[in-house]
Amino acid sequence: MLTVKPAAAVIGAASLALLLCTSAQLQAKDPPACAAINFRPIPAGMGDGVQTAGLYRSRFIGLLEVKADVKGGQAGSYFVTVNNNQPAAASTLPKSIADCAAKKHLPAPGSAAAACTGERLTVLIDHGGDKRYVLLYARQGTAWQLCSAGAS
């Protein structure tokens, strides 16, 4: 007959309770207030049209994609989509976005560049209040430029 020692039963029950508690905490976790996701630009020579430079799937955001309009094998301008839709342009941005950009070593958002091209791309996400702001930055040399800012 199989017997279980009392100490082993207590340790097993405590381990199970800890596992269930951790699982419940992970499911109830709020999205991070500030996040930055890095992407590489598309390689030269891609076919003309809209090409995907990279994608990121998150349980808080959904599907985040960085895409480029390609003409003559060169990326003309990059843009971001969230769940296959471009975020609505944000005319005013809360102060939390400048704080978020500083934490991620990016410049505070100013006016957006006319064309978005660069050697590296970063999507900054700020969950400020009831809105989620998505900003696209591109790096040319050592300087970062804001490409777009939208809210979803």
- Exactly one of ALA68, ALA28, ALA75 is farther than 15 Å from HIS127 by Cβ and at pLDDT below 90, and that residue is ALA28
- Candidates VAL82, VAL70, VAL134 - the one that is touching an Asp or Glu at 6+ places or on another chain (Cβ under 6 Å), aliphatic (A, V, I, L, M) and surrounded by 15 or more Cβ atoms within 10 Å (Cβ to Cβ): VAL70
- Single match in LEU136, LEU124, LEU93 (criterion: at pLDDT 95 or above and closer than 15 Å to ALA33 by Cβ): LEU124
- Query: Pick from region 83-110 the residues that are among the hydrophobic types (A, V, I, L, M, F, W, C) and in a helix (DSSP H, G or I): which of them is nearest to ARG132 (Cα to Cα)?
  - Reply: ILE97
- Note on the structure: ALA108 passes all but one of the listed conditions (1) among the aliphatic types (A, V, I, L, M); (2) surrounded by 15 or more Cβ atoms within 10 Å (Cβ to Cβ); (3) under 22 Å from ALA33 (Cα atoms); the exception is number (2)
- Kindly indicate the residue of region 111-125 that is out of contact with any Leu (no Cβ under 8 Å at 6 or more places or on another chain) and in a loop (DSSP other than H, G, I, E, B) and also surrounded by the most Cβ atoms within 10 Å (Cβ to Cβ) among those meeting that condition. GLY118
- If we ask which residues in region 39-57 are within 10 Å of the chain's Cα centre (by Cα) and loosely packed, with under 14 Cβ neighbours inside 10 Å, their number turns out to be 2
- Note on the structure: How many residues of region 32-53 are under 12 Å from LEU121 (Cβ atoms) and in contact (Cβ under 8 Å) with a residue 60 or more places away in the chain? The answer is 7
- Message: Taking the conditions exactly as written (at pLDDT below 95, touching a strand residue (DSSP E or B) at 6+ places or on another chain (Cβ under 8 Å) and over 16 Å from ALA149 (Cβ atoms)), does ALA88 satisfy them or not?
- Response: no
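The values are calculated or read from the model by the stated rules, or taken from the named source; none is laboratory data. Here the structure is a predicted model, which means the values were calculated and not measured. Note: ideal-geometry Cβ built from the backbone for every residue, glycine included; neighbour counts use all protein chains shown.
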